[in-house]
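Step one of this worksheet: look at the structure below.
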Amino acid sequence: MHEEFCRGYEIVHQLWKQHEEDASSPLDWKELFRPSDFFIAYPYYMSLCIVGPSQADAQAWVGFVESRLRKLVSDMLGRSLPLSKIQLWPKKIEACIADRSSLLTLGQRRNSVTYMVGFQVDKLRMRGTQLNIELQVGPK
């Protein structure tokens, strides 16, 4: 988020400078409101698929998980894994993007929501060649 605020500040700052130089020219706000480059900005992505046995259970579970997602991303993943940058895509995807090997039923796939997390690996902090989230974040 910090990077987006800095990007926004730079754009507004440039617009203000242009306005000071020539107050009669219209301000072009298109650059400030262009879509995010989230899905091309990171080399790696993790999908968090939230599943429930029924639509009502899935919605209740989604509400619970949503309230804790930011903490999961910033605290648990950001501090315990060798990541240099991590960002949660703030919009949910009303579909399950889980691999076919996840053994979810068709009903569970219908009653699911997915969130995406983009990240960059800090190669200086890596131990070995694989990033194993289960070993590093799981119960101790």
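The values are calculated or read from the model by the stated rules, or taken from the named source; none is laboratory data. Not measured: the values here are computed from a predicted model. Cβ: placed from backbone, ideal geometry, glycine included. Neighbour counts: every protein chain shown. Protein only, heavy atoms only, side chains kept; ligands, DNA and RNA dropped before computing areas. Shrake-Rupley method; radii C 1.70, N 1.55, O 1.52, S 1.80 Å.
Points worth noting:
- With the convex hull of its Cα atoms as the shape, the range 1-102 has an orientation-averaged projected area of 9.8 nm².
- Between the helical axis of 55-71 and the longest alpha-carbon principal axis of the chain there is an angle of about 60 degrees.
- Protection proxy ranking for 10-22, 44-56, using the average of other Cβ atoms within 10 Å per residue and placing the highest first: 44-56, 10-22.
- Fraction of accessible area attributable to carbon and sulfur, the range 33-78 (%, probe 1.4 Å): 63 percent
- Accessible area per residue in Å² at 1.4 Å probe, computed on the range 57-98: 60 Å²
- Positive-pole candidate from Gln108, Ser84, Phe5, dipole of the chain, charges at beta carbon: Gln108
- In this simple spin-label model, placing a label point 7 Å from the Cα along the Cα-to-Cβ direction at both Asp28 and Val121 gives a separation of 4.1 nm.
- Exceeding the 27 Å Cα-Cα cut-off - candidates Lys17/Lys92; Lys30/Lys123; Lys71/Lys92; Lys17/Lys71: Lys17/Lys92; Lys30/Lys123; Lys17/Lys71
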